[in-house]
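Peer 1: Okay, here's the structure, questions in a sec.
The values are calculated or read from the model by the stated rules, or taken from the named source; none is laboratory data. Computed from a prediction, not measured in an experiment: that's the story for all the values here. Glycine also receives a Cβ, built like all others from the backbone with ideal geometry; neighbour counts cover every protein chain displayed.
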Amino acid sequence: MDIRSSFEALDKKITSYGGLDGGGITRLLYTEEWLNAVQGLRGLLKEKGFTTRFDSVGNLIGRIEGSKYPEETIMSGSHIDTVVEGGHLDGQFGVLAATVAMESLQAAHGQPLRSLEILALAEEEGSRFPFAFWGSKNFFNLAEKAEVESITDAKGIKFEDAMHQSGFDYRTSDNDYSDVKSFVEVHIEQGKVLETEQKSIGIVEGIVGQKRYTVNLKGEANHAGTTPMGLRKDAVVAFSKIAVELTERAEMIGDPLVITFGRVDPVPNTVNVVPGEVTFSIDCRHINQIELDQFASEIDKCIKRIAEDEGVSYEIDLWMDEAPTLMDKRLVGEITKAAKQIVGESDCKLMPSGAGHDSQIFAKHVPTAMIFVPSINGVSHNIEEETEMDDLVKGIEVLKQVLYQLAYEE
Ligand SMILES: [Zn+2]
């Protein structure tokens, strides 16, 4: 079985679900495109001889039963959702790499000793609704109804209405994951480190911690012509000062701290009205928990001080707070061994991940590790997202070797 042509065919097929004319994919949780993708993938997995099932929220599992230790599961996969106008590799590559690697192992070596499972997680990005890791959190019985029942997407559609319309529902019983002995996620790097250093394989040692906020500032909307500067309570001006001050502070503290104000919604967003209200997002990351927490307290103080200076009220909602996560040492060793064998030591690199991944949820519950492949120009969350085919194939081959070590060897 040829890994390259198998992957190309699979990628073409699955990319068509939510595929955009100019390239890339928009496949948001519980949309028609998403539903077509998970159902299409399920059909393909069945054709390839996997037994398949959905859990209640829509995580898709494909399984090859082990011959000697069927109750021990070696799992690989990633998320199947994308951001708006995202690429065809973020998430999807991890699902398809697992599919091709397991199919190829079975063709070459027959039934494994331990069970192999592909996992296509329903959602990771938090792109449609303000809730991320819905798939992996449900897998570990973490996401609660109360956290999502009142949230809506940008069109005002309620989370649970979208979920029910897709045919899925809240968990009714706890998922038993005690059989999962290893989880290995393959993912594109979404950065420039591997490309810059001309390496094909990244072996991830840990994932940065991440905090995401929604901040609302309320001042006073007023006439742009008749309101003197001194009498304004301009929410956008307050936001701007906060963004500049925190950005400069983050630059001063230096790498690997990053802060981003990616979404800004002023109200009424009209040319001749002083903006009385603004809602904006903050995304802040660091590999060290103490430094991340210290900067978070600076964020709080900065917003409070500037809001008071500008005469606007503020509300800060910290809706995501993920700790930095270390990968499992034994699995990092297995990946290192496999990568050395497949691509050679000089072609791989041990590195942290600056992006959040499902693996950070998994690592708290089951032994977990990640394999990175390079991203051309470091571009991701963009339709231009791409990786050299040779690197994609190397990523699948390393995964295949890791899965062989874990599922076929005593
Ligand atoms: Zn991803």
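Peer 1: Just for helices (runs of 4 or more DSSP H) wholly inside region 66-169: which have at least 2 residues that are within 16 Å of the ligand (Cβ to nearest atom) and aromatic (Phe, Trp, Tyr)?
Peer 2: Because the criterion is at least 2 residues that are within 16 Å of the ligand (Cβ to nearest atom) and aromatic (Phe, Trp, Tyr), the helices (runs of 4 or more DSSP H) in region 66-169 that meet it are 134-139.
Peer 1: I've got another one for you. Can GLU385 be described as in contact (Cβ under 8 Å) with a residue 40 or more places away in the chain and of a type in the set (Asp, Glu)?
Peer 2: Criteria met by GLU385.
Peer 1: Sticking with this structure for a sec: Got at least one residue in region 328-339 being within 16 Å of the ligand (Cβ to nearest atom) and touching a residue at least 24 places away in the same chain (Cβ under 8 Å)? Break it down into steps so the answer makes sense when it comes.
Peer 2: Of region 328-339, the ones within 16 Å of the ligand (Cβ to nearest atom) are none.
No, region 328-339 contains no residue that is within 16 Å of the ligand (Cβ to nearest atom) and touching a residue at least 24 places away in the same chain (Cβ under 8 Å).
Peer 1: Out of the residues in region 83-100 that are in contact with a strand residue (DSSP E or B) (Cβ under 6 Å, 6 or more places away or on another chain) and among the β-branched types (Val, Ile, Thr), which is surrounded by the fewest Cβ atoms within 10 Å (Cβ to Cβ)?
Peer 2: Per the criteria, the residue is THR99.
Peer 1: Shifting gears a bit: With the checklist (1) within 20 Å of ILE203 (Cα to Cα); (2) of a type in the set (Ser, Thr, Tyr); (3) at pLDDT 95 or above in hand, flag the one item THR325 doesn't pass.
Peer 2: THR325 satisfies all of (1) within 20 Å of ILE203 (Cα to Cα); (2) of a type in the set (Ser, Thr, Tyr); (3) at pLDDT 95 or above except (3).
Peer 1: Return the residue satisfying two criteria in turn: it lies in region 182-202 and is touching a Lys or Arg at 6+ places or on another chain (Cβ under 7 Å) and either small (Gly, Ala, Ser) or more than 20 Å from HIS88 (Cα to Cα) (or both), and of such residues it is nearest to the ligand (Cβ to nearest atom).
Peer 2: Here is the first cut: in region 182-202, the ones touching a Lys or Arg at 6+ places or on another chain (Cβ under 7 Å) are 194, 197, 199-202.
Then drop every residue that is not either small (Gly, Ala, Ser) or more than 20 Å from HIS88 (Cα to Cα) (or both), which leaves 197, 199-200, 202.
On the way: GLU197: 21, LYS199: 20, SER200: 19, GLY202: 14 Å.
Out of the qualifying residues, it is GLY202.
Peer 1: Considering (1) over 18 Å from LYS192 (Cβ atoms); (2) within 16 Å of the ligand (Cβ to nearest atom); (3) not aromatic (Phe, Trp, Tyr), say which one HIS357 fails and leave the rest.
Peer 2: For HIS357, the exception is condition (1).
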